[in-house]
Amino acid sequence: MKRIKWFFTIIIISILSFSAHAQEASFEGIITSRIVFGEVDLSPLAEKIDYHKGNVQEQIGSFFRTLPTAQSDKLQAMIERNPMMTIALLMIPPQTTLYIKGGTILAKMKGLGYEMEHYHNLSADEAFIYTASLIDPQNAATSTYKPSEGYKELFAGNKLITPDKYTFSKLPQTATVAGYVCNVSSYVPKSAPGNATGANGLPAVDVRKLIVYTNSEISKTINFSHPYYIPEADGILRIDIFLEDSDQPTMVYEMIKVDKTTVNDSQLQIKKSQPLYQLTDMEYGMKLLGITMEGISSLGDE
């Protein structure tokens, strides 16, 4: 039971934290984000897997075999130092498309064996999360929550960056992300992460540092679509995530395309399944666990 609870916690933190939320804003358009893990761009991976062909493990292996040797070796070394990195690598959606119209946003993404849509409407005070198996699309679950009640359940643990736990510093340099010149700042935990282990006995994955890139032209609406909730007044276009004591980030979450365009109502329609669960419902949690485990189980296909 402890192992199940630990794994469920990893899923909730890794998946739901990458879903989208919104604030009242005037921005309208479509934004595409990606994940770079250990210098490897994972964004093409989810689209390359054909679950009807089977042998998913071989398909994933084929993707990684195309990587330059230096990238492959660095990624392998990272995983060997901390096997928990494998969980993050497998569970995090590598690419997300955000459809934004003022205070309404719909995020669409694919992970290993699942697809997810997250609808958030601040003015209507409603939000829905739809998750379905890519192996068996009938295996789906939809949850709901009220944005006015906060996001503590979505940004659990170290995903919620607060001034009492992190030291904020504005850095002197600027950087260009998705065509926008960004200010750069850092967030460093006030307490040293140390060498703690998780409930499963493996090394814990703790944040050593976050480097954050912001631009005032982009609405902070998008800030709720990120893996960490960071109290910035402007739109965050990139986060360098340091999970090891290294000069290079373990993972980079970044916007790669910002398209200011008209978003119609059909683009903001989310899929839904029945029954409709509350986000904190344990039955929903177990249903979500089953859907995501299908993707993990597919790695054992012959």
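The values are calculated or read from the model by the stated rules, or taken from the named source; none is laboratory data. Since the model is a prediction, treat every value here as computed from it, not as a measurement. Methodologically, a virtual Cβ is constructed for each residue, glycine included, from the backbone with ideal geometry; neighbour enumeration extends over all protein chains shown. We work out accessible area using only protein heavy atoms, side chains counted, and drop any ligands, DNA or RNA first. Shrake-Rupley method; radii C 1.70, N 1.55, O 1.52, S 1.80 Å.
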Being at pLDDT below 75 and assigned to a helix (DSSP H, G or I) is the filter; apply it to region 148-163 and report the residue that is surrounded by the most Cβ atoms within 10 Å (Cβ to Cβ).
Asn158
Scanning region 216-261 for residues that are assigned to a loop (DSSP other than H, G, I, E, B) and acidic (Asp, Glu), which turns out surrounded by the fewest Cβ atoms within 10 Å (Cβ to Cβ)?
Asp247
Of all residues in region 141-156, count the ones that are closer than 28 Å to Pro189 by Cα and touching a helix residue (DSSP H, G or I) at 6+ places or on another chain (Cβ under 6 Å).
2
Contact list please: Cβ distance under 7 Å, first residue in region 232-244 and free of Cβ contacts under 8 Å to residues at least 60 places away in the same chain, second residue aromatic (Phe, Trp, Tyr), pairs at least six apart or on different chains.
Ile236/Tyr213; Ile239/Tyr228; Ile239/Tyr253; Ile241/Tyr253
Just one listed residue, out of Ser148, Ser143, is within 30 Å of Ile291 (Cα to Cα) and out of contact with any strand residue (DSSP E or B) (no Cβ under 9 Å at 6 or more places or on another chain), and it is Ser148
Filter region 68-89 for residues that are of a type outside the set (Gly, Ala, Ser) and touching a helix residue (DSSP H, G or I) at 6+ places or on another chain (Cβ under 7 Å) and give the result.
Met78, Ile79, Met85, Thr86, Ile87
In region 164-193, residues that are touching a residue at least 12 places away in the same chain (Cβ under 8 Å), open to solvent by 60 Å² or more (accessible area, probe 1.4 Å) and under 14 Å from Lys209 (Cα atoms) total 6
Taking the criterion of being at negative phi, charged (D, E, K, R) and at pLDDT 90 or above, would at least one residue in region 283-291 satisfy it?
yes
Hey, can you tell me all the residues within region 262-274 that are without any contact (Cβ under 8 Å) to a residue 12 or more places away in the chain and open to solvent by 80 Å² or more (accessible area, probe 1.4 Å)?
Asp265, Ser266
Can we say Thr144 is under 27 Å from Ala46 (Cα atoms) and either surrounded by 12 or more Cβ atoms within 10 Å (Cβ to Cβ) or more than 18 Å from the chain's Cα centre (by Cα) (or both)?
yes
Do the conditions hold for Glu244, that is, is it under 19 Å from Lys170 (Cα atoms) and acidic (Asp, Glu)?
no
Taking region 23-58 and keeping residues at negative phi and either among the acidic types (Asp, Glu) or in contact with a Cys (Cβ under 6 Å, 6 or more places away or on another chain) (or both) leaves Glu24, Glu28, Asp41, Glu47, Asp50, Glu58
How about region 187-216: which of its residues are modelled with pLDDT of 95 or more and touching a Leu at 6+ places or on another chain (Cβ under 6 Å)?
Tyr187, Tyr213
